[in-house]
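Novice: Sharing a structure with you now.
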Amino acid sequence: MNIPANLKYTKDHEWVSIEGEIATVGITDFAQKELGDIVYVEVETLDQTLEKDAVFGTVEAVKTVSDLFLPLSGEVIEFNDDLESTPETVNADPYGKGWMVKVKFSDPSQIEQLLSSEEYKTLIGA
């Protein structure tokens, strides 16, 4: 199971990469394996400002649809348009080309509430 140490994680299985005031968000390797073959990613919150834990989109797999939760309050400034035509990229490269949104976050103190890779491993029993 791939759980990069340089990322932060949520209990809802999103990963977060912080660069300055921008957070890149996707779902973890564990989440994509649990979901199975991803067939659609929908994000209708582009250019919206949302609170932490708000639903920013959905990911649809062959067997289920799951909500995606924003790990940090802020404005959704970018959606990975490549996922519209190739949503399976989330399965193949969840921490790279399979990223979902970029958020200009408004409250840096919320980063402290995210899980480290070690805490996330404990959460999923890895």
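Novice: What number, rounded to the nearest 500 deg cm²/dmol, is the helix-based mean residue ellipticity at 222 nm of the chain, given -39500 (n - 2.57) per DSSP H run of at least four residues and division by all its residues? List each step's numbers first, then the result.
Specialist: Details: 4 runs with 23 residues, N = 126.
Calculated at 222 nm, the ellipticity per residue is -4000 deg cm²/dmol.
Novice: Follow-up question, since we're still on this one. Nearest 0.05, what FRET efficiency do ALA126 and GLU19 give at R0 = 35 Å with Cβ-Cβ as r?
Specialist: Working: r = 26 Å, r/R0 = 0.74.
Calculated transfer efficiency: 0.85.
Novice: Add +1 for every Lys or Arg and -1 for every Asp or Glu among the other residues with Cβ under 15 Å from the Cβ of GLU75, and state the total.
Specialist: -3
Novice: Give, as a single signed number, the net charge of other residues whose beta carbon lies under 12 Å from the beta carbon of ILE22, with Lys and Arg counted +1 and Asp and Glu -1.
Specialist: Working: positive: LYS102, LYS104; negative: GLU19, GLU21, GLU75, GLU78.
Net local charge, ILE22 excluded: -2.
Novice: Just to verify a number: FRET efficiency for LYS11 and ALA92, C-beta to C-beta distance, R0 = 35 Å, to 0.05?
Specialist: The value I calculate is 0.90.
Novice: Shifting gears a bit: Carbon and sulfur: what percent of the chain's accessible surface (1.4 Å probe)? Don't jump to the answer; show the numbers that get you there.
Specialist: Details: 2890 of 6490 Å².
Carbon and sulfur: 45 percent of the exposed surface of the chain.
Novice: What is segment 1-45's relative contact order, in percent, from Cα pairs under 8 angstrom and six or more apart in sequence? Each step should come with its number before you reach the end.
Specialist: Working: 38 pairs, mean separation 13.0, N = 45.
Relative contact order comes out at 29 percent.
Novice: So how far apart, in nm, are the two label points at GLU75 and GLU119 if each is 7 Å from Cα heading toward Cβ?
Specialist: In this crude spin-label approximation the distance works out to 2.8 nm.
Novice: Give me the distance between the Cα centres of segment 99-126 and segment 33-50, rounded to whole Å.
Specialist: 17 Å
Novice: Let me ask something additional. Just the accessible area per residue of the chain, please: how many Å² with a 1.4 Å probe? Intermediate results must be reported in sequence, preceding the final value.
Specialist: Values: 6490 Å² over 126 residues.
Result: 52 Å² of accessible area for each residue.
Novice: Mind giving me the nanometre distance, one decimal, between the label points for ILE111 and VAL65, set 7 Å out from Cα along Cα→Cβ?
Specialist: 3.5 nm
Novice: Does the chain come out rounded, prolate or oblate by the C-alpha gyration tensor, with a ≥ b ≥ c the root eigenvalues, rounded set by a/c under 1.5 and, if not, prolate when a/b is larger than b/c and oblate if not?
Specialist: Values: a/c = 1.67, a/b = 1.09, b/c = 1.54.
Here the chain falls in the oblate category.
Novice: List the relative contact order of the chain as a percent without decimals, with contacts defined as Cα pairs under 8 Å and 6+ residues apart. Numbers along the way, then the final one.
Specialist: Working: 273 pairs, mean separation 38.8, N = 126.
For the chain, the relative contact order is 31 percent.
The values are calculated or read from the model by the stated rules, or taken from the named source; none is laboratory data. All values reported here derive from a predicted model rather than from experimental measurement. Backbone-built Cβ (ideal geometry, glycine too); neighbour counts: all protein chains shown. These accessible areas exclude ligands, DNA and RNA; they are computed on the full protein's heavy atoms, side chains included. Shrake-Rupley method; radii C 1.70, N 1.55, O 1.52, S 1.80 Å.
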